[in-house]
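**Q** A single structure is presented below for examination.
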Amino acid sequence: MKLKVEPLTADDFAPFGEVISTATARDSYKINLGTTTRFHDISRVDVGDQGGAPIISIFRGTPRAKPIEIKMMERHPLGSQAFMPLAGQKFLIVVASGTDTPTPDTLRAFISDGTQGVTYAKNVWHHPLLVLESDSDFLIVDRSGPGENLNEVDLPLVDGAVITLDWS
Ligand SMILES: NC(=O)N[C@@H](O)C(=O)O
Ligand code: NI
């Protein structure tokens, strides 16, 4: 089965979380004597369950071998997780609708144009970071704290084949 890759838009991604970009800020205004534009309140961080706290990390991802195979999915039941490319690299996002165990027909794939990041809402099924072209650094905002914040699940084969992304 080949999973179609769609351009990432805030509306299409809304069931899964938020798009992080200057275009999706809830407000924007000049600060610092007009030398800076604040793109304000773009995305929310939801990590407080069971005493969690927000942390900032950097993920350095290496490109995935092509064709990109989608064999498993994961979710973080206690907190959101945000990814923002630090040097404008395109990257792929794979999510599943609903909270039941993902099935091939509940998967959706998007591609960021490199100016867009994403926040996966708490408990949203997603594939771990999928880097495309070169080693890429991403700023990550997610949760540190007690409790089990990672569920993983393997995906079944479809007609005997691994699900791949329809992206050359
Ligand atoms: N495991 C980890 O920290 N990363 C994943 O959660 C991911 O979504 O890439
Ligand atoms: Ni994750």
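**Q** Return a single number: how many Lys pairs in the chain, at a sequence separation of 8 or more or on separate chains, have alpha-carbon atoms below 29 angstrom apart.
**A** Lysine pair count for the chain: 13.
**Q** A further question follows. When the chain is fully extended, how far beyond the present Cα-Cα distance does S97 get from D41, taking 0.36 nm per residue of separation?
**A** 17.7 nm
**Q** Classify region 126-168 from the C-alpha gyration tensor, please: rounded if a/c falls under 1.5, else prolate or oblate depending on whether a/b exceeds b/c.
**A** oblate
**Q** Ordered by residue, what ³J(HN,Hα) values in Hz, to whole numbers, does region 28-41 give under the Karplus form 6.51 cos²θ - 1.76 cosθ + 1.60, where θ = phi - 60° and Gly and Pro are x?
**A** 8, 6, 6, 9, 6, 6, x, 8, 9, 9, 8, 8, 8, 6
**Q** Select from A14, L33, V158 the residue farthest towards the positive end of the dipole of the chain; place +1 on Cβ of Lys and Arg, -1 on Cβ of Asp and Glu, and compute about the Cα centre.
**A** L33
**Q** Let me know the shape class of region 41-118, please: from the alpha-carbon gyration tensor, a ≥ b ≥ c as square roots of the eigenvalues, rounded when a/c is under 1.5, otherwise prolate if a/b is greater than b/c, or oblate.
**A** Oblate, because a/c is 1.5 or more while a/b does not exceed b/c.
**Q** For region 67-83, in order, what is each residue's ³J(HN,Hα) by Karplus, 6.51 cos²θ - 1.76 cosθ + 1.60 with θ = phi - 60°, in whole Hz (x at glycine and Pro)?
**A** Calculated HN-Hα couplings, in order: x, 6, 9, 10, 10, 8, 9, 9, 8, 10, x, 9, x, 6, 8, 10, 10 Hz.
**Q** Give me the net charge for the shell around L150: Cβ to Cβ below 15 angstrom, other residues only, Lys and Arg +1, Asp and Glu -1.
**A** For residues surrounding L150, the net value is -3.
**Q** Residues with amide H under 5 Å of L129's amide H, sequence separation 5 or more or different chain, H placed in the peptide plane at 1.01 Å from N; which?
**A** Those lying under 5 Å, H to H, from L129: there are none.
**Q** Something else about it: Using mean Cβ contacts within 10 Å as the protection proxy, how do 85-94, 3-12 order, highest first?
**A** Going from most to least packed, we get 85-94, 3-12.
**Q** I've got another one for you. Could you please report the charge total around M73, scoring K, R as +1 and D, E as -1 over all other residues with beta-carbon less than 14 angstrom from its beta-carbon?
**A** -3
**Q** Spelling out what I want: for every residue of region 50-55, take phi, set θ = phi - 60°, compute 6.51 cos²θ - 1.76 cosθ + 1.60 (Karplus), and round to whole Hz; glycine and proline get x.
**A** Values per residue, Gly and Pro as x: 6, x, x, 9, x, 10 Hz.
**Q** Expressed as a whole percentage, what fraction of the accessible surface of the chain belongs to carbon and sulfur atoms when a 1.4 Å probe is rolled over the protein heavy atoms?
**A** Carbon and sulfur together cover 52 percent of it.
**Q** May I pose another question? Rounded to the nearest 500, what is the chain's calculated 222 nm mean residue ellipticity when only DSSP H runs of at least 4 contribute -39500 (n - 2.57) each, over all residues?
**A** For the chain, the value works out to -500 deg cm²/dmol.
**Q** I need the per residue convex hull volume for the chain, using only the alpha carbons, in cubic angstrom as a whole number.
**A** 119 Å³
**Q** May I pose another question? Can you list residues whose amide H is under 5 Å from S80's amide H, if they're 5+ apart or on another chain and H is modeled 1.01 Å from N?
**A** Amide H to amide H, under 5 Å and 5 or more residues apart or across chains, S80 pairs with D46, V47, K122.
**Q** How many angstrom lie between the C-alpha centres of region 40-68 and region 121-162?
**A** Cα centroid to Cα centroid, the span is 10 Å.
**Q** If you don't mind, there's one more thing I want to ask. Once you've got the GNM for the chain with C-alpha springs shorter than 10 Å, pick whichever of D105, D49, D113 has the biggest mean-square fluctuation.
**A** D105
**Q** List every residue whose amide H lies under 5 Å from the amide H of L3, counting only residues 5 or more places away in sequence or on a different chain, with H placed 1.01 Å from N in the peptide plane.
**A** Counting only residues 5 or more places away or on other chains, the set is T164, L165, D166.
The values are calculated or read from the model by the stated rules, or taken from the named source; none is laboratory data. Since the structure is predicted, the reported quantities are computational estimates derived from the model, not experimental observations. All Cβ positions, even for glycine, are placed from backbone atoms using ideal geometry, and neighbour counts span all protein chains on display. All accessible areas refer to the heavy atoms of the entire protein, side chains included, with ligands and DNA or RNA removed. Shrake-Rupley method; radii C 1.70, N 1.55, O 1.52, S 1.80 Å.
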